[in-house]
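Since the structure comes first, as structure tokens, the remarks are kept for the end.
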Amino acid sequence: MNFVRNSVLPVGTVLIGILAVWYAFTVILNAPFERDQAARANTTISTGQLIENTMAQERPVLPAPHQVAAEIRKTVFDISPTSKRSLVYHGWVTLSSTLLGFGLGTLLGILLAIAIVHSRTLDKSLMPWIITSQTVPILAIAPMIIVVLNAVNITGLLPKAMISTYLSFFPVAVGMVKGLRSPEIMYLDLMRTYNASKAQVFWKLRWPASMPYLFTSMKIAVAISLVGAIVGELPTGAVAGIGARLLAGSYYGQTVQIWAALIVAALMAAVLVSLIGLIATFVNRRMGARA
Amino acid sequence: MSVVTLRPKAKPMPQAAKNVIDVKDLSLVFETNDGPVNALSNINLSVDGGEFVSFIGPSGCGKTTLLRVIADLEQPTSGSISVNGMTPSEARQKRAYGYVFQAAALYPWRTIAGNISLPLEVMGIPKAERKDSIARNLELVNLSGFEKKFPWQLSGGMQQRASIARALSFDPHLLLMDEPFGALDEIVRDHLNEELLKLWAKTQKTVVFVTHSIPEAVFLSTKIVVMSPRPGRIHEVIDCNLGSERTLDIRESPEFLEIAHRVREGLRHGHSYDQAHL
Amino acid sequence: MKRSPLAIVAFLLAAASLVLPTGADAPGFFFFATPALLFAASALALFASASNSSLIALLILVHLAAIFLIGLLGSFAMAAPAMGYWCMVVAAWLLAWLAVQRLAALRPKSVGLQRMVNLALPVLFGAWLLILWEIVVRGFGVPAILLPPPSMIAARIAGSVPTLWADFQQTFLKAAIAGYVIGCGSGFLAAIVVDRVPFLRKGLLPVGNLVAALPVVGIAPIMVMWFGSYWQSKAAVVVIMTFFPMLVNTVAGLAASGAMERDLMRTYGSSYTQTLFKLRLPAAMPFIFNALKINSTLALIGAIVAEFFGSPIVGMGFRISAEVGRMNVDMVWAEIFVAALAGSLSYGLITLIERVVTFWHPSYRT
């Protein structure tokens, strides 16, 4: 009951509010076109008719939510997933490079963090660069990586995955350095009184202590991996993937298609992030966190 | 506390019943941004096997630092120290002592049993033996049945008992305790003091105990080392043997009050020529 | 003295480079000077005691050697660099790493000196990244399309300052800053409103958190359609990208002041605005600055990526996508350099302001 009052009800209200605003803007933004049409045809149009028309345009300035929903239903469920017009197909193209890049990036980030925590030289010389690089718009590099790798005949999944790797590796490295350093002095002293080896301190103390940090940074990393994969699809000349759908939609003014791709991308991001959240909850439970 | 059977094979007492800890002319200077700080100055001290020695003094007198030097967690600037006839570093590598911190410092991702198993895992002790030791030591601190709980599910006093069980799990002869009950309320602390005393009588360990509570020091110790600050040094060593069968009632007795009075006087004198700094 | 294995290997490599052919065309000054220098440096690292003066000498020698090595690259008109040259490169690199290692191990007593060491270490690391990049790219003849050497990028930056400035103006000064100010400002005001209505707070926060994880930049094609291809559409993307992080962080920050402090304000009978300005906003400042910092990066990303979807013939994102198409990779790198500089400088500026405003926060106390 509390859950309903504190969560379902407010969030539901906000979502309904967003939908209502969306519909309102659909009418406002699409109305000039309808009036224009009516004026051209020398007819007058009733308000009711106007509102109805604004929600059923071919290429609206802003498609109505139900138009987007219909487009998603059509391209996700009605068209076979192997077809190039299926959003499932494009979604999978983006998802696969997201996951590959995210996996590699996470691994790389963890390894780098381990090296930094154990080497004072690396910590002092490399760590400042990693922090600085977080402030750099790395995404700007994406088209170049794609085109350059295409030029040496590396095409398809790998270049996009490399962008995702590059993007996701920074948050993981920074988070894990923080996490591996998170044990208090007292915990480290305790291990010292046991005369524990470096490996033992790592596996029995630093690694488990860093788990919450790992999952927090993995959530950021997977979201940014998806963005990287989408942006990576922009310069390849719109072949496949969510990014390609966005680009093609913007070329041909297919706003419904753009919105459908956007919503699917948003759903993918939400699912990926909450999946990691779920794994985090599971691992935390196993590690005795408060329920 | 229930009667506990000790380990089946009778362990021989520590051979060097004399001089488990021997400190000679020991000094430690910390270099800080505000210049050097004399944390310990000319410390001379010896602790015999089976003794219960307390370090007492105001904050900044170096009592914790001295304990950390014994545990090889700090290195002295000059002087010599031996633990079990070895350097502290060798003693640490031979795992000669168990250390109990101010906080329980239990790893939050391990169960109580897992925490007690930790030092045993680090030392490479096989699983079956680990299991025995966990059961034995949990019983020793009256925590049987809490194996599968996580630290946050226990009260502060129970957590600290678990950390004592962890320090005892690999059966060291020497127990170093750094204000283990300092963060607990007085009622729990009294109770744990009694239990610690029984445990000490039963296991015959040598205990070095840091505290800033006079009643605690008098109640527990066979020897009270009164320390004073700036520079951290030993002001006075007071012998204190109130018999092995002590209960909390003893704190009303004239003997107890007399020793407590001497400790208080010692602390006051040790502090007196420090007033200029206040 | 324990000899570092790094120094031993460097010494052997330097000795080898004295006899192995380097592949250089004509024996010039660098031809003789470089191996000699490296030999001296490795001998120094191996045999001299590890004092401060020997460390400084090692640093000077090794960087001279690096300059000579790059100079030597000019004399490979006929053939590619041979074994001896690469021996020298590896030796120089190992020696530099050793020097950095020794520098990192120093613990100077004075704070100023420690600061200098802390600054020197990343600078040296970055310098060696550039040195090796230059040597490897030119030495192995990596095509400039794949990866141009830093010298070529630097030359391109120097040669096209007007273009870079125009792009910077368009993308950063107009789109990013306008969008950033509007986005952060409206996010902040929305947070104040949301904070007053608990029902809204409960509803908007989960949605806001979700939106912060979404690929918002995908909204760019729509904004380009709505607001045209000039900078206004980019600013609109930036507004949407920066709004939610600011909203979520400010709401969290407004809740950060402790119950005891708030009770104290109540005992004074203070009004809502008094509590807001005297307690809750100051307490929220660390959160607000966190959002400002996140948003400074997001703003630049949004402005650049939005230009991929259509823009006038000026702007950093436009330049990147156009020059990538023409395979002028050095120009792309020049733009990326400008973006990186702008990104880290604006981040640094915000951090500086943060330090002044939230000086009381534990993370800044010394």
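Is it the case that some residue within the range A:56-74 is free of Cβ contacts under 8 Å to residues at least 12 places away in the same chain, on the phi > 0 side of the Ramachandran plot and more than 29 Å from the chain's Cα centre (by Cα)? So far as the range A:56-74 goes, no, none of its residues is free of Cβ contacts under 8 Å to residues at least 12 places away in the same chain, on the phi > 0 side of the Ramachandran plot and more than 29 Å from the chain's Cα centre (by Cα). Among the residues of the range B:38-90, what is the count of those that are under 14 Å from the mean Cα position of the chain (by Cα), in a loop (DSSP other than H, G, I, E, B) and within 14 Å of chain A (Cβ to nearest Cβ)? Result for the range B:38-90: 1. Here is a list: C:Ala342, C:Ala284. Which entry is under 29 Å from C:Pro149 (Cα atoms) and either more than 10 Å from every other protein chain (Cβ to nearest Cβ) or part of a helix (DSSP H, G or I) (or both)? Being under 29 Å from C:Pro149 (Cα atoms) and either more than 10 Å from every other protein chain (Cβ to nearest Cβ) or part of a helix (DSSP H, G or I) (or both) holds for just one of C:Ala342, C:Ala284, which is C:Ala342. Restricting A:Thr98, A:Thr54, A:Thr75 to those that are out of contact with any Gly (no Cβ under 6 Å at 6 or more places or on another chain), under 27 Å from A:Leu214 (Cβ atoms) and crowded, with 17+ Cβ neighbours inside 10 Å reduces the list to A:Thr98. With respect to (1) under 30 Å from A:Met144 (Cβ atoms); (2) surrounded by fewer than 18 Cβ atoms within 10 Å (Cβ to Cβ); (3) over 27 Å from the mean Cα position of the chain (by Cα); (4) not aliphatic (A, V, I, L, M), the lone exception for C:Trp86 is condition (2). Does the range B:92-112 include one or more residues that are within 25 Å of B:Val29 (Cβ to Cβ), free of Cβ contacts under 8 Å to residues at least 60 places away in the same chain and not hydrophobic (A, V, I, L, M, F, W, C)? Yes, the range B:92-112 contains at least one residue that is within 25 Å of B:Val29 (Cβ to Cβ), free of Cβ contacts under 8 Å to residues at least 60 places away in the same chain and not hydrophobic (A, V, I, L, M, F, W, C). Residue pairs whose Cβ atoms lie under 9 Å apart, sitting 6 or more positions apart in sequence or on different chains, and linking a residue in the range C:114-128 that is within 7 Å of chain A (Cβ to nearest Cβ) to a partner that is surrounded by fewer than 16 Cβ atoms within 10 Å (Cβ to Cβ), are C:Pro122/A:Trp129; C:Phe125/A:Trp129; C:Gly126/A:Trp129.
Residues in the range A:142-180 that are within 15 Å of A:Glu233 (Cβ to Cβ) and either facing chain C (nearest Cβ under 10 Å) or surrounded by fewer than 17 Cβ atoms within 10 Å (Cβ to Cβ) (or both): A:Ala142, A:Pro143, A:Met144, A:Ile145, A:Ile146, A:Val147, A:Leu149, A:Asn150, A:Thr155, A:Gly156, A:Leu157, A:Leu158. Can you report the number of residues in the range B:46-97 which are polar (S, T, N, Q), modelled with pLDDT of 85 or more, touching a helix residue (DSSP H, G or I) at 6+ places or on another chain (Cβ under 9 Å) and within 19 Å of B:Thr206 (Cβ to Cβ)? Residues that pass the stated criteria total 2. Note on the range C:303-335: residues that are more than 9 Å from chain A (Cβ to nearest Cβ), of a type in the set (Gly, Ala, Ser) and part of a helix (DSSP H, G or I) amount to 3. Only one of the listed residues (C:Val239, C:Val251) is in contact (Cβ under 8 Å) with a residue 24 or more places away in the chain, under 35 Å from the mean Cα position of the chain (by Cα) and within 14 Å of another protein chain (Cβ to nearest Cβ). That residue is C:Val251. Every listed requirement among (1) assigned to a helix (DSSP H, G or I); (2) outside the structural domain of A:Val231 (by TED's automatic domain parsing); (3) closer than 30 Å to A:Val222 by Cβ is met by A:Asp36 save one, (3).
Surrounded by fewer than 13 Cβ atoms within 10 Å (Cβ to Cβ) and either aliphatic (A, V, I, L, M) or modelled with pLDDT under 85 (or both), is that true of B:Glu252? Against the criterion (surrounded by fewer than 13 Cβ atoms within 10 Å (Cβ to Cβ) and either aliphatic (A, V, I, L, M) or modelled with pLDDT under 85 (or both)), B:Glu252 qualifies. For the residues C:Leu103, C:Leu113, the requirement of being over 23 Å from the mean Cα position of the chain (by Cα) and not in a loop (DSSP other than H, G, I, E, B) singles out C:Leu113. If you check A:Gly91 against the conditions, is it modelled with pLDDT under 90 and within 19 Å of the chain's Cα centre (by Cα)? Here the answer is yes, as A:Gly91 does meet what is asked.
Per-residue answers, yes or no, for (1) within 30 Å of C:Glu323 (Cβ to Cβ); (2) within 11 Å of chain C (Cβ to nearest Cβ); (3) in a helix (DSSP H, G or I):
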{"position": "A:Leu205", "(1), (2), (3)": "no, no, yes"}
{"position": "A:Pro208", "(1), (2), (3)": "no, no, yes"}
{"position": "A:Ser217", "(1), (2), (3)": "no, no, yes"}
{"position": "A:Ile224", "(1), (2), (3)": "yes, yes, yes"}
{"position": "A:Val227", "(1), (2), (3)": "yes, yes, yes"}
{"position": "A:Leu234", "(1), (2), (3)": "yes, yes, no"}
{"position": "A:Ala240", "(1), (2), (3)": "yes, no, no"}
{"position": "A:Ile258", "(1), (2), (3)": "yes, yes, yes"}
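Here is a yes/no grid of residues against (1) away from every other protein chain (no Cβ under 14 Å); (2) of a type outside the set (S, T, N, Q); (3) not in a helix (DSSP H, G or I):
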position	(1), (2), (3)
A:Arg5	no, yes, no
A:Leu9	no, yes, no
A:Trp22	no, yes, no
A:Val27	yes, yes, no
A:Asn30	no, no, no
A:Arg59	no, yes, yes
A:Ala69	yes, yes, no
A:Pro81	yes, yes, yes
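For the range B:183-193, filtering for residues that are closer than 26 Å to B:Gly266 by Cβ and either surrounded by fewer than 16 Cβ atoms within 10 Å (Cβ to Cβ) or in contact with a His (Cβ under 6 Å, 6 or more places away or on another chain) (or both) leaves 2. Scanning the range A:244-256 for residues that are more than 8 Å from chain C (Cβ to nearest Cβ) and part of a helix (DSSP H, G or I) yields a total of 6.
Total residues in the range B:112-135 satisfying the condition of being more than 10 Å from chain A (Cβ to nearest Cβ) and more than 30 Å from B:Asp185 (Cα to Cα): the figure is 8. Every condition in (1) at pLDDT 85 or above; (2) within 30 Å of B:Val29 (Cα to Cα); (3) out of contact with any Cys (no Cβ under 6 Å at 6 or more places or on another chain) is met by B:Phe219 except one, and the failing one is (2).
For every residue, the table says whether it meets (1) facing chain A (nearest Cβ under 10 Å); (2) assigned to a helix (DSSP H, G or I).
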| position | (1), (2) |
| --- | --- |
| B:Arg110 | yes, no |
| B:Asn137 | no, yes |
| B:Phe146 | no, no |
| B:Pro172 | yes, no |
| B:Phe181 | no, no |
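Counting residues in the range A:57-64 that are among the aliphatic types (A, V, I, L, M) and over 30 Å from A:Gly91 (Cβ atoms) gives zero. When the residues of the range C:345-357 are filtered to those that are within 10 Å of another protein chain (Cβ to nearest Cβ) and not polar (S, T, N, Q), the one that is surrounded by the fewest Cβ atoms within 10 Å (Cβ to Cβ) is C:Leu345. In the range A:244-263, the residues that are over 14 Å from C:Val217 (Cα atoms) form Cβ pairs under 6 Å with partners that are surrounded by fewer than 24 Cβ atoms within 10 Å (Cβ to Cβ) and acidic (Asp, Glu), at six or more places apart or across chains, as follows: A:Val256/A:Glu71; A:Ala260/A:Glu71. The listed residues are A:Ala248, A:Ala223, A:Ala240, A:Ala209, and the only one of them that is buried (at least 24 other Cβ atoms within 10 Å of the Cβ) and not polar (S, T, N, Q) turns out to be A:Ala223.
The values are calculated or read from the model by the stated rules, or taken from the named source; none is laboratory data. Remember, it's a predicted structure, so these values are computed and weren't measured experimentally. Here the Cβ is made from the backbone with ideal geometry for all residues, glycine too, and neighbour counts use every protein chain on show.
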